[in-house]
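The values are calculated or read from the model by the stated rules, or taken from the named source; none is laboratory data. Just so we're clear, the structure is a prediction, and the values are computed from it rather than from any experiment. Cβ atoms come from the backbone with ideal geometry, glycine included; neighbour counts cover every protein chain shown. Remember, those area values only see protein heavy atoms, side chains included, never the ligands or the DNA or RNA. Shrake-Rupley method; radii C 1.70, N 1.55, O 1.52, S 1.80 Å.
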Amino acid sequence: MLSFFLRFRQSILLFILLVTSLILMTSHANQGAGFQTLTFGLFEVTAAMESWFSSGFKGIENYYHRHIHLVGVEKENRLIREQVTVLQEQLNRLHEIALENNRFKELLKFQESVPYSMITARVVGKSDNSWSRTLILNAGSRAGVAKGMAVTRPEGVVGKILSVSPHYSLVQLLIDSNSAIPGIVQRTRAQGIVEGKITNLCQIKYLDRLYDVRVGDMVLSSGLGGVYPKGLVIGTVVAVQKKSYGLFQEVQVAPAVDLSRLEEVFVIKNSRLPDDDQPFKSIQE
Amino acid sequence: MKFLLILFLLTLSVPFQTHILSLLPFPFPFDLVLIVTYYFGYFHGKNKGMTVGAYLGILTDVLSGEHLGVQMFLKALVGYFSAVFGMGILSKNVVIHFVLLLFFSLMNGLLNHFLIYLFVGEIPFKDALLGMILPSAAWNALFGSLMVFFLQKRALKKQSDFSSEKI
């Protein structure tokens with residue numbers, strides 16, 4: 001028996017690994033309670049590592065930009081140059097604080113102007129491998145973030161929460177190939193589903209070829225589906241293609257938010273507008 | 001101690017890919033995890049190739065929010081088959097590495113597309129093939145073969161230094 005295991009140990013290891021991954025895949029599809037605990041644990045550890053690496057990398061990058069170019073300085077100028085470096089560092093820091101302050105002011109203005117409650121979160125990691133486009137936020141279930149909540153910026157929609165651990169959450173960006181947002185063309189009120197593409201664009205699917213859609217039209221969230229509140233900006237139409245056959249037209253949309261330079265985002269806790277319940281109440285009455 | 005260091009470095013390769021490689025001005029980020037798995041499989045055998053592949057694969061799955069287990073499955077297969085090829089045609093030739101990496105990248109991309117189709121939903125095959133699978137495979141093969149070639153050269157130099165010291 002032992003000799004059998006020793007003889008076929010590599011095949012057995014391959015079998016175990018493949019079966020484990022297949023079990024994970026099917027469990028992911030079923031989303032059982034045990035599976036949730038496992039993914040929470042794994043995500044908590046790996047997200048912390050990603051966050052740590054991200055901050056460490058930023059530190060190295062800052063060090064490189066501020067200090068490495070001073071290596072060749074002559075000795076007699078060292079003191080003066082060090083002072084310049086210190087001042088420069090302070091100036092950079094102040095400049096960074098001022099920029100951050102401006103960003104926070106804009107975010108606060110946005111937060112006050114919208115009727116839903118939101119959680120502010122900082123982007124601590126990202127993953128843009130070929131197949132998926134995601135972000136890691138430093139706010140998790142303890143901050144009130146839950147799976148399925150919409151993530152936004154003052155400029156428009158960012159994506160939605162895919163999974164949550166106590167301290168971190170994973171955001172599926174709207175350009176992710178699995179993302180789908182019910183959208184509406186602002187000018188003509190034509191409705192469709194805005195899906196992520198493999199490129200950095202989105203496309204509107206199931207948009208009737210009879211609707212008039214033009215390049216430059218604004219696309220908003222339609223509010224259907226309950227994840228994204230109505231009226232959030234998704235992006236702008238950049239290309240429209242009507243083939244000679246088929247029921248639908250192909251419309252490409254460029255996201256309104258620059259998804260490569262995100263630092264702070266909002267997670268919408270309650271996407272329902274305060275007045276949304278009024279018609280239902282009046283009907284009930 | 002060496003094991004922990006290697007584990008730490010392997011673990012770092014996943015955030016390294018997302019943070020540093022994405023800064024480089026390439027049209028497609030190459031799949032460092034695939035290249036590392038290939039290297040371990042080709043030069044260190046089936047056990048290490050499969051284990052490293054599965055470990056890095058599941059880290060990628062968790063961090064990217066992909067369907068859990070997909071990358072683990074694919075990278076374990078890449079680790080196993082690169083070891084099979086490594087035993088069969090152990091070569092120092094960079095062209096061999098290029099061809100093998102191209103093959104494994106294509107296999108990885110096509111199976112990935114199939115598994116996403118099974119578990120998540122349809123992505124247009126033509127878009128995926130022309131927009132991602134083929135260009136990524138080309139980049140992986142180009143950069144991966146060069147990386148593997150230099151790593152191999154360095155290992156051989158170390159080995160020869162060690163043996164000349166012994167003599």
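Please tell me if B:L115 is surrounded by fewer than 16 Cβ atoms within 10 Å (Cβ to Cβ) and either modelled with pLDDT of 80 or more or of a type in the set (K, R) (or both).
Working: surrounded by fewer than 16 Cβ atoms within 10 Å (Cβ to Cβ): no; either modelled with pLDDT of 80 or more or of a type in the set (K, R) (or both): yes.
It is false that B:L115 is surrounded by fewer than 16 Cβ atoms within 10 Å (Cβ to Cβ) and either modelled with pLDDT of 80 or more or of a type in the set (K, R) (or both).
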Number of the condition not met by B:K92 [criteria: (1) part of a helix (DSSP H, G or I); (2) surrounded by fewer than 17 Cβ atoms within 10 Å (Cβ to Cβ)]: (1)
Looking only at the stretch A:141-150, and only at residues there that are more than 13 Å from chain B (Cβ to nearest Cβ) and not small (G, A, S), the one that is surrounded by the fewest Cβ atoms within 10 Å (Cβ to Cβ): A:R142
Qualifying residue in the stretch A:202-212 (condition: crowded, with 18+ Cβ neighbours inside 10 Å and in contact with a Ser or Thr (Cβ under 7 Å, 6 or more places away or on another chain)): no
Lone unmet requirement of (1) without any contact (Cβ under 8 Å) to a residue 60 or more places away in the chain; (2) assigned to a loop (DSSP other than H, G, I, E, B) for A:I181: (2)
Residue satisfying condition, being within 27 Å of A:F40 (Cα to Cα) and crowded, with 22+ Cβ neighbours inside 10 Å, within set A:V164, A:V185: A:V164
Test: residue in the stretch A:64-72 that is among the charged types (D, E, K, R), at pLDDT 70 or above and in a helix (DSSP H, G or I): no
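Residue under question is A:L170, and the condition is that it be aliphatic (A, V, I, L, M) and outside any strand (DSSP E or B); does it hold?
On the way: aliphatic (A, V, I, L, M): yes; outside any strand (DSSP E or B): no.
Judged against the criteria, A:L170 is not a match.
Only one of A:S55, A:S3, A:S27, A:S11 is modelled with pLDDT under 80, more than 9 Å from chain B (Cβ to nearest Cβ) and open to solvent by less than 80 Å² (accessible area, probe 1.4 Å); which?
On the way: A:S3 fails: open to solvent by less than 80 Å² (accessible area, probe 1.4 Å); A:S27 fails: more than 9 Å from chain B (Cβ to nearest Cβ); A:S11 fails: more than 9 Å from chain B (Cβ to nearest Cβ).
Checking each option against the conditions leaves just A:S55.
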Any hit, the stretch A:101-109, residues being open to solvent by less than 40 Å² (accessible area, probe 1.4 Å), assigned to a helix (DSSP H, G or I), modelled with pLDDT of 75 or more and away from chain B (no Cβ under 14 Å): yes
Contacts under 9 angstrom Cβ, first residue in the stretch A:221-236 being part of a loop (DSSP other than H, G, I, E, B), partner loosely packed, with under 15 Cβ neighbours inside 10 Å and of a type in the set (G, A, S), 6 or more apart: A:S222/A:G231; A:G223/A:G231; A:G226/A:G148; A:V227/A:G148
Residue among A:V157, A:V171, A:V185, A:V194 that is modelled with pLDDT of 90 or more and at the interface with another protein chain (Cβ under 10 Å from one of its Cβ atoms): A:V171
Qualifying residue in the stretch A:123-140 (condition: away from chain B (no Cβ under 14 Å) and not in a loop (DSSP other than H, G, I, E, B)): no
Residue selected from the stretch A:225-268 under the condition modelled with pLDDT of 85 or more and of a type in the set (S, T, N, Q), by the criterion surrounded by the fewest Cβ atoms within 10 Å (Cβ to Cβ): A:Q241
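Give B:F125, B:F119, B:F114, B:F104 a once-over and let me know the one that is within 13 Å of the chain's Cα centre (by Cα) and among the aromatic types (F, W, Y).
Details: B:F125 fails: within 13 Å of the chain's Cα centre (by Cα); B:F119 fails: within 13 Å of the chain's Cα centre (by Cα); B:F114 fails: within 13 Å of the chain's Cα centre (by Cα).
On inspection, the qualifying residue turns out to be B:F104.
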